[in-house]
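Presented below is the structure to which this report refers.
Nothing in this text is a laboratory measurement; each read-out follows from the coordinates by a stated rule. Computed from a prediction, not measured in an experiment: that's the story for all the values here. Here the Cβ is made from the backbone with ideal geometry for all residues, glycine too, and neighbour counts use every protein chain on show.
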Amino acid sequence: MPTLARSDRLALVFQRLLALPAASSAKQAKSQLDMTLNQVEDEFTTIPFRPDTLGSDGRMYPAQEDARFVVEGHPELAGYMHRRHETYVSNTGALLIREYRGPVLLDRPGADGKRVEL
């Protein structure tokens, strides 16, 4: 199993997410994101899944519920804060991931074709 740089692994996560059928709910979108992230990390790192080491072991982990925040003025969205980026999940299944207050890294519409609008 080759070990890939974090940026390459993240690019693979985005590529695989875009190849999946669009989600029709926030729960489905978050599940797809979490599952895809864990699959890529399992395939391309030797770092075991140990959430108790989150942030210190070099592995990327799915957003935890304690990182969830309210997106002011957007009751249809759930936001998740990460070390270097933010994830927004719409109740219709759309996903938006961007660098912290920076450029968009992934903009995936939900099954209804609508995108996250901030």
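Things to note:
- Mean separation of Cα pairs under 8 Å and 6 or more residues apart, divided by the residue count, gives the chain a relative contact order of 24 percent.
- Centroid-to-centroid separation of region 49-118 and region 1-41 [C-alpha atoms, Å]: 12 Å
- Charged side chains reduced to their Cβ positions (Lys and Arg at +1, Asp and Glu at -1) give the chain a dipole of some 160 debye around its Cα centre.
- Bins of 5 Å, starting at 0 and running to the largest distance - Cα pair percent for the chain: 2, 12, 22, 25, 20, 12, 5, 1, 0
- Label zone of residue 114 (point 7 Å out along Cα→Cβ, amide N under 18 Å): in region 45-86 this covers 71-79.
- Taking the average, over residues, of other Cβ atoms within 10 Å as the packing measure, peptides 108-114, 62-68, 88-94 rank 88-94, 108-114, 62-68 from highest down.
- Expected 222 nm ellipticity per residue - DSSP helices of 4 or more, -39500 (n - 2.57), all of the chain, to 500: -9500 deg cm²/dmol
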